[in-house]
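Sharing a structure with you now.
Bear in mind that the values in this text are calculations on the coordinates, not laboratory data. Because the structure is a prediction, the values reported are computed rather than measured. When we count neighbours, we look across all protein chains shown, and the Cβ atoms used for this are built from the backbone with ideal geometry, even at glycine.
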Amino acid sequence: MKIATWNVNSVRARMERVVAWIEDKQPDVLCMQEIKCLDEQFPRQVFEDLGYRVATFGQKTYNGVAILAKQNLEDVVRGLPGETSDAQKRVLGAQVGDTLILNLYVVNGEKVGSEKFAYKMEWMARVAEFVRERYDMSEKIVLCGDFNVTFDDRDVYDPEGWREKILCSTPERTALAKFGELGLRDAFRHFTTEGGHYTWWDFRTGGFKRDHGLRIDHFLMSDAALAACRGIEIDKGARGGEKPSDHAPVIAHME
DNA sequence: ATGGTGGGTTCCCCA
């Protein structure tokens, strides 16, 4: 079974690329972030025609998450506990087979010390609390998505240039490490220890052609899920070509 | 320190 995560940066703008990618890679599950549309604007029928069940949690213009799955999506969870209907749409959970999947689009945070940064910290803490309350770590738990945080300097093309900057700061890394304390492992690091593997390259700096990237899209797995994981693949090729997203898809190969 | 590009919407916001 293949579980994929991809920040598509607008599903409607990316449709041609996403459909071609699905036809090529045939993921069993695809978690998308930044769909940037309302549920009723989501091109559901196209994916259903490709053989997927579809769950969405969208909003106008910004954010929005979706899960496609070849199997039934059960116990779908939209958002965090206590959120009102105007909250940013960043969390979508579902059970697929014996695996509990939580698709996350973590707050970007703009700049360390900003108002948005404070919101990022508060939001990440709320996600961790939700995970601690809701999930039994003896189960197969898979958190995936755009975490907008690097684990350590191996995930950064220029660690000194990014020192304590957004996506790389100590408070963010500490908040990400909190999931480790809950029993969720960085699946990529279970297989690969060397640096230089990235999932996002900034449009603005033309970072992709110089491989100026960061690894911010992750799979965090319980030990039960990790035991079924055969490898993590970053599909860097999907970041190239015409009209790409600024993120590469990441695939967890599960038994 | 700033700005660059790209997406969605709108007379600019967000990444």
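Report every pair of residues separated by at least 6 positions or lying on different chains whose Cβ atoms are under 7 Å apart, first residue within region A:230-255 and on the phi > 0 side of the Ramachandran plot, second away from DNA strand B (no atom under 14 Å from the Cβ).
Listed by first residue and then by second, the contacts come to A:Gly231/A:Phe191; A:Gly231/A:His253.
I would also like to ask the following. Going through region A:205-224 one residue at a time, which ones are farther than 21 Å from A:Val8 by Cβ and in contact with a helix residue (DSSP H, G or I) (Cβ under 8 Å, 6 or more places away or on another chain)?
A:Met221
Additional query: Here's a check for you: in region A:192-205, which residue that is closer than 17 Å to A:Lys236 by Cα and more than 16 Å from DNA strand B (Cβ to nearest atom) is nearest to the chain's Cα centre (by Cα)? Steps first, please.
So in region A:192-205, the residues closer than 17 Å to A:Lys236 by Cα come out as A:192, A:194-203.
Subset that is more than 16 Å from DNA strand B (Cβ to nearest atom): A:192, A:194-197.
Details: A:Thr192: 19, A:Glu194: 21, A:Gly195: 20, A:Gly196: 19, A:His197: 16 Å.
Restricting to residues being closer than 17 Å to A:Lys236 by Cα and more than 16 Å from DNA strand B (Cβ to nearest atom), the top hit is A:His197.
Among the residues of region A:129-140, which ones are in a helix (DSSP H, G or I) and surrounded by 18 or more Cβ atoms within 10 Å (Cβ to Cβ)?
Here is the first cut: in region A:129-140, the residues in a helix (DSSP H, G or I) are A:129-134.
Result: A:Phe130, A:Val131.
Then there is this: Quickly run through region A:38-74 and pick out the residues that are of a type in the set (Asp, Glu), farther than 19 Å from A:Ala87 by Cβ and over 20 Å from the mean Cα position of the chain (by Cα).
Here is the first cut: in region A:38-74, the ones of a type in the set (Asp, Glu) are A:39-40, A:48-49, A:74.
Of the ones still in play, those that are also farther than 19 Å from A:Ala87 by Cβ are A:48-49, A:74.
A:Glu48, A:Asp49 - these are the residues of region A:38-74 that are of a type in the set (Asp, Glu), farther than 19 Å from A:Ala87 by Cβ and over 20 Å from the mean Cα position of the chain (by Cα).
Give all pairs with beta carbons closer than 6 Å in which a residue from region A:201-212 that is farther than 16 Å from A:Trp162 by Cα meets a residue that is more than 6 Å from DNA strand B (Cβ to nearest atom) and not in a loop (DSSP other than H, G, I, E, B); count only pairs at least 6 apart in sequence or on separate chains.
These pairs meet every condition: A:Phe208/A:Trp201; A:Phe208/A:Arg239.
Out of (1) surrounded by 22 or more Cβ atoms within 10 Å (Cβ to Cβ); (2) acidic (Asp, Glu); (3) more than 11 Å from DNA strand B (Cβ to nearest atom), what's the single condition that is false for A:Glu164?
Exception for A:Glu164: condition (1).
Give region A:206-239 a look and list any residue that's surrounded by fewer than 16 Cβ atoms within 10 Å (Cβ to Cβ) and away from DNA strand B (no atom under 12 Å from the Cβ), or say none. Let's see the steps before the verdict.
Just the residues of region A:206-239 that are surrounded by fewer than 16 Cβ atoms within 10 Å (Cβ to Cβ), to begin with: A:206, A:209-211, A:223, A:227, A:230-231, A:237.
Passing the criteria: A:Arg210, A:Asp211, A:Asp223, A:Ala227, A:Arg230, A:Gly231, A:Gly237.
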